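Enquirer: Mind looking over this structure? Questions follow.
The values are calculated or read from the model by the stated rules, or taken from the named source; none is laboratory data. What you see is a predicted model; the values in this text were computed from it and never measured. Note that we place each Cβ from the backbone using ideal geometry, even for glycine, and neighbour counts take in every protein chain shown.
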Amino acid sequence: MPDSSIGRAVGRALALAFALAALGADAQTMYKWKDEKGVTHFSEHPPADAKSEKNATKVTPKVTPPSGSGAYDANAWTNKDAEARKRQIERGKGEQSEAKDREQRQVACNRARGRLSMLQNTQIIYKDNPDGKRTYMEDSERNAEMARARDAIREHCD
């Protein structure tokens with residue numbers, strides 16, 4: 001009993017496949033005829049009136065792809081996709097470069113603000129010389145350093 005139901009299912013599938021193939025072949029069939037006024041018509045179905053039906057002939061349409069610069073290029077989408085990816089990578093590099101520049105400016109800004117704060121808030125500023133002696137900063141040197149720190153703040157901070 002199970003073998004006969006499988007056989008019937010296979011038979012139905014084959015019948016359906018042949019029916020679909022016939023429909024596909026029929027879909028490419030076209031009819032050409034002239035009506036009583038002499039106008040030529042094309043249709044997938046033959047004309048309904050008997051007079052035109054006698055004049056109807058089956059025609060197989062010939063489809064030719066366009067040629068020249070307007071022709072369809074099967075690889076055009078891959079070229080366009082590659083160009084879009086290239087633009088995206090370039091845009092990403094530009095954004096990375098901008099982010100790196102912003103980060104460097106922020107570091108320089110913080111350094112300049114810290115330097116200015118230290119110059120303004122520290123009573124005595126000195127530096128150690130290589131020989132071990134301390135050299136103290138004069139007020140004129142401090143003012144010049146504070147001016148440089150303010151310039152750096154204006155340059156690097158928003």
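Enquirer: Being farther than 28 Å from D101 by Cβ and surrounded by 14 or more Cβ atoms within 10 Å (Cβ to Cβ) is the filter here; which residues of region 126-158 pass it?
Expert: M137, R142
Enquirer: Return yes when D81 is modelled with pLDDT of 80 or more and in contact with a Ser or Thr (Cβ under 7 Å, 6 or more places away or on another chain) and no when it is not.
Expert: Working: modelled with pLDDT of 80 or more: yes; in contact with a Ser or Thr (Cβ under 7 Å, 6 or more places away or on another chain): no.
Against the criterion (modelled with pLDDT of 80 or more and in contact with a Ser or Thr (Cβ under 7 Å, 6 or more places away or on another chain)), D81 does not qualify.
Enquirer: Taking the stated definitions as given, is A99 of a type in the set (A, V, I, L, M, F, W, C) and within 24 Å of C157 (Cα to Cα)?
Expert: Numbers: of a type in the set (A, V, I, L, M, F, W, C): yes; within 24 Å of C157 (Cα to Cα): yes.
Spelling it out, A99 is indeed of a type in the set (A, V, I, L, M, F, W, C) and within 24 Å of C157 (Cα to Cα).
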